[in-house]
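Written out below as structure tokens is the structure these notes cover.
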Amino acid sequence: MSVLVTVRVRGDVDQFRRVLKDEPERFREIAPEAKAAGAIHHRFGIGDGFVLAVDEWESAEAFQAFFQSSEKVAAIIRDAGGSPEPPEIVITEAINSPDEF
């Protein structure tokens with residue numbers, strides 16, 4: 001059974017947008033590594049003073065191992081204006097429901 005993961009990073013969202021636009025290859029480089037580590041889906045959202053990553057992973061352990069060991073992820077968070085405070089991470093069991101699409 002897969003898990004859904006949200007990672008909420010407080011920071012400068014304008015800086016995040018700039019890095020997305022100016023350095024897209026940095027994000028593209030991480031995708032194959034994340035997939036190989038167990039990532040199934042990945043998406044970003046931007047809120048008021050924070051960036052939210054919404055992922056689906058094969059397991060919580062796979063996500064945690066990747067997130068804690070990826071220097072590229074840490075560098076993007078830092079360079080894209082992320083706050084030095086730890087991100088808020090929520091991991092839940094993914095379930096099927098009759099209304100999903």
Could you grab me the full set of residues in the range 38-57 that are surrounded by fewer than 16 Cβ atoms within 10 Å (Cβ to Cβ), more than 12 Å from Ser2 (Cβ to Cβ) and among the aliphatic types (A, V, I, L, M)? Ile46, Leu52, Val54
Can you name the residue in the range 45-56 that is in a strand (DSSP E or B) and more than 10 Å from Arg8 (Cα to Cα) and, of all such residues, is farthest from the chain's Cα centre (by Cα)? Glu56
Let me confirm something: among Ala75, Ala60, which residue is within 21 Å of Glu88 (Cβ to Cβ), under 14 Å from the mean Cα position of the chain (by Cα) and surrounded by 15 or more Cβ atoms within 10 Å (Cβ to Cβ)? Ala60
The range 81-101, residues that are within 13 Å of the chain's Cα centre (by Cα) and surrounded by 13 or more Cβ atoms within 10 Å (Cβ to Cβ): Gly82, Pro87, Ile89, Ile91
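Identify, please: which residue in the range 73-101 is part of a loop (DSSP other than H, G, I, E, B) and of a type in the set (A, V, I, L, M) and is, among those, farthest from Val3 (Cα to Cα)? Give the steps one after another, and end with the answer.
Of the residues in the range 73-101, the ones part of a loop (DSSP other than H, G, I, E, B) are 80-81, 83-87, 94-101.
Filter once more, keeping what is of a type in the set (A, V, I, L, M): 80, 94-95.
Values: Ala80: 26, Ala94: 5, Ile95: 8 Å.
The residue in question is Ala80.
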Return the total of residues in the range 1-37 being exposed (fewer than 15 other Cβ atoms within 10 Å of the Cβ) and part of a helix (DSSP H, G or I). 15
Members of the range 72-101 that are free of Cβ contacts under 8 Å to residues at least 60 places away in the same chain and of a type in the set (D, E, K, R): Lys72, Arg78, Asp99, Glu100
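Values quoted throughout were computed directly from the atomic coordinates according to the rules given, and no laboratory measurement underlies them. Predicted model only: the values in this text are computed from it and were never measured. Note: ideal-geometry Cβ built from the backbone for every residue, glycine included; neighbour counts use all protein chains shown.
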